[in-house]
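We did not get these values from a lab; they are worked out from the coordinates using the rules stated. Note that the structure is a prediction, hence the values are computed from the model and not measured. For neighbour counting, all protein chains shown are included, and Cβ atoms are generated from backbone atoms with ideal geometry for every residue, glycine included.
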Amino acid sequence: MAEAERVVHIDRVTKRFGAMTAVDDITLEIAQGEFFSILGPSGCGKTTTLRMLAGFERPDAGEIWLDGQPVANVPPYRRNVNTVFQSYALFEHLNVSDNIAYGLRRRRVPKADIQRRVGDVLELVRLSSRSKALPRELSGGQQQRVALARALVNVPSVLLLDEPLGALDLELRRKMQIELKQIQREVGVTFVFVTHDQEEALTMSDRIAVMDGGVVKQVGTPTDVYEDPQSLFVAQFLGISNVLNGTVTADGVQLVAGAHVTLPSRSTLPVGSAVTLAIRPEKIDIDSSAVGSTGVELQGKISNIVYLGSVTQVTVATGPGEVTVMDRNSGNASIQSKRVGDDVTLSFAPNDVRCFGEEPSVAPSTAGA
């Protein structure tokens, strides 16, 4: 990434809390105007990383650069970043406009400029008609937009968002995901968004950094990390993956109690090594007539069928283990006619399989989210 494009550079940063390493030698580059998400389970170090960007924590090793300048000795209030938390921390005694204007008044911005900037950002978040309302008179989604407006009105180089949608119900959260991305595109500010929710990360992000145990496991576009996971952890954490164990052969993998899978690019592990294959449920067909000579087939028996509205989830017991198949409810008569106990043939293309060797286990962390 060219220096002119880069607004955030985290360079080999480590953060420890006593004997616990919360963030372990991570490097990230984030571009100007990018919606960048840090995704991972609780305790993986994502919130600690965000707090170091904000200046609330200091790295024990490595350096953080903002707008091309090192910020190790720059206090939080002097960094050109703002943070939106899960708890919106609005002033209950101030109306919407005064909540948004609070920071500008503290900085003694001229009154006319405050009125103009507050008006602009209220229009951006579509709350102009609620400018005189108190926080308790707003819905959860409206409070979230006020917190966002209060952060954006200061025109930060980077906006840090720490699970800001976590307090909303599912329907409102999905709506706000789309609105938040739209607002980010309109203002062009770099967003660094921390979440444990895979759907949020996939929906909003330009790129995603997947973390586990304080380590960045993979960075890429939503398509990259979902379609081409570089580790078993990423394959399992981001969406659903079927996991099948096998042994490396000269031209592929022999599944335990199952079929042989010829892989387009054979594992670099020695023949005889134990490996794990991962395949997405939507990549698998049931009783398809178009398997082809290079396809993989597994025989099994349906053990469960769950109707989920837009998709039907079918669980099939096979020799190598249980396999989950997701089928979009688009009139597939073959799927709709299936019943628990039916014998079926599963098929998938070798190109849709990802092969992983043994990965080091990661000790659970409680140092930071």
Residues in the range 302-325 reached by a label modelled at residue 257 [backbone nitrogen below 13 Å; 7 Å Cα→Cβ]:
317-323
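For n ≥ 4 DSSP H runs only, could you compute -39500 (n - 2.57) per run for the chain, divide by its residues and tell me the 222 nm figure to the nearest 500? List each step's numbers first, then the result.
Working: 9 runs with 88 residues, N = 369.
The helix contribution divided over the chain gives -7000 deg cm²/dmol.
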Dipole magnitude of the range 6-232 about its Cα centre (Cβ charges: Lys, Arg +1; Asp, Glu -1), debye to nearest 20:
1220
Any idea what the relative contact order of the range 127-263 is, in percent, if you count C-alpha pairs under 8 Å spaced at least 6 apart?
13
Label model pair residue 155, residue 80: point-to-point distance (7 angstrom along the Cα→beta-carbon line) in nm is 1.0
dims of the chain, Cα set, principal axes, largest to smallest, nearest Å -> 73, 47, 36
Stretched fully, the stretch from residue 287 through residue 342 gains (0.36 nm per residue minus C-alpha distance, one decimal, in nm) 18.7 nm
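About its Cα centre, how strong a charge dipole does the range 240-356 have in debye, to the nearest 20, once Lys and Arg get +1 and Asp and Glu get -1 at the Cβ? Walk me through the intermediate numbers first.
Working: 8 positive and 10 negative charges, 40 e Å.
Dipole size: approximately 200 debye.
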Taking the number of other C-beta atoms within 10 Å as the exposure measure, put 25, 251 in order starting with the fewest.
251, 25
Given 73-80, 62-69, the highest-first ranking by average Cβ count within 10 Å works out to 62-69, 73-80
